[in-house]
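Below you'll find the structure, written out as structure tokens, and then a few comments.
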């Protein structure tokens, strides 16, 4: 396919999954981002707006945070969040809807789980760079699906997970964008590029393990139709692997390891 699409959909179940995802990951990512009071922040692909609202709170009364989201359904949810210095706007990451006075006005641009779903991630990064002040910083967070490890591995999980990652390719997405983030930033002219990870694994018995399992099973389920339509995995193998995954989640020593890929960089003070 020449164009990509968001494989998980935007129905209420998906919005609930995204809420759970935010509950698990937001604080882990915030520790890495280090928001400064008074910063102007642009959150590209703000989704339900939960992380965006946290940004605005940390930036404080002198700061400002704008969330850009292309889904009206997601924006409707984020519109229920009220905080000083927080606003949301409908728009596309490939053509950010910025006013002339907003161009080169932001101290920080953030994007998480969005580049993997775009047909032209480099174009989106150039748009983010356009929004940044000279010397401003960018913070990207995205998946590299090859990094998922479950122990002990559920029977059939490798076949299921391979079919899931292949389903991204079928709809024009990139399931391995995480490893490419530093290269994308360097190609866009950012300096001081660094990479890092935020832990997105879990272990049975933790307070968040059930939420992790729910997110994992639901994110696979949302791609089921693409898997079936493109013959990526037989129906019987899919059902068997999902049953094995459910049984794995009940093990007292079930362990999941998954690093969310992060990359940061600075916009040069002098444009090249």
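Points worth noting:
- The chain: angle of helix 209-222 to the longest principal axis, Cα-based, in degrees nearest 10: 90 degrees
- Packing, as the average of other Cβ atoms within 10 Å across residues, places the peptides 67-75, 242-250 in the order 67-75, 242-250, highest first.
- Helix axis angle, 12-33 relative to the chain longest principal axis, alpha carbon, degrees: 60 degrees
- Gaussian network model of the chain, springs between alpha carbon atoms under 10 Å - residue of 117, 253, 145 with greatest fluctuation: 253
- Global form of segment 101-234, assessed from the alpha-carbon gyration tensor, a/c cut-off 1.5: prolate
- Across segment 12-266, Cα pairs under 8 Å and at least six residues apart give a relative contact order of 21 percent.
- Protection proxy ranking, peptides 91-102, 155-166, average beta carbon neighbours within 10 Å, highest first: 155-166, 91-102
- Counting DSSP beta bridges with both ends in segment 12-266, the antiparallel % (nearest 5): 50 percent
- Fully extended contour minus Cα-Cα distance, from residue 246 to residue 194, at 0.36 nm per residue: 15.0 nm
- Gyration tensor verdict on segment 169-272 (Cα atoms; rounded if a/c is under 1.5, prolate if a/b is larger than b/c, oblate otherwise): oblate
- Distance between modelled label sites at residue 257 and residue 122, nm, 7 Å Cα→Cβ extension: 3.4 nm
- Cα gyration tensor, segment 214-272 - rounded (a/c under 1.5), prolate or oblate: oblate
- Estimated inter-spin distance, residue 183 and residue 62, nm [label 7 Å along Cα→Cβ]: 4.1 nm
- By average C-beta atoms within 10 angstrom, highest first, the peptides 215-223, 232-240: 215-223, 232-240
- Between helix 235-248 and the chain: long-axis angle, C-alpha atoms, 0 to 90°, nearest 10: 80 degrees
Since every read-out is calculated from the coordinates, none of them should be taken as a lab result. Predicted, not measured: the structure shown is a model, and the values here were computed from it. FYI the Cβ positions are ideal-geometry reconstructions off the backbone, even for glycines, and counts take in every protein chain you see.
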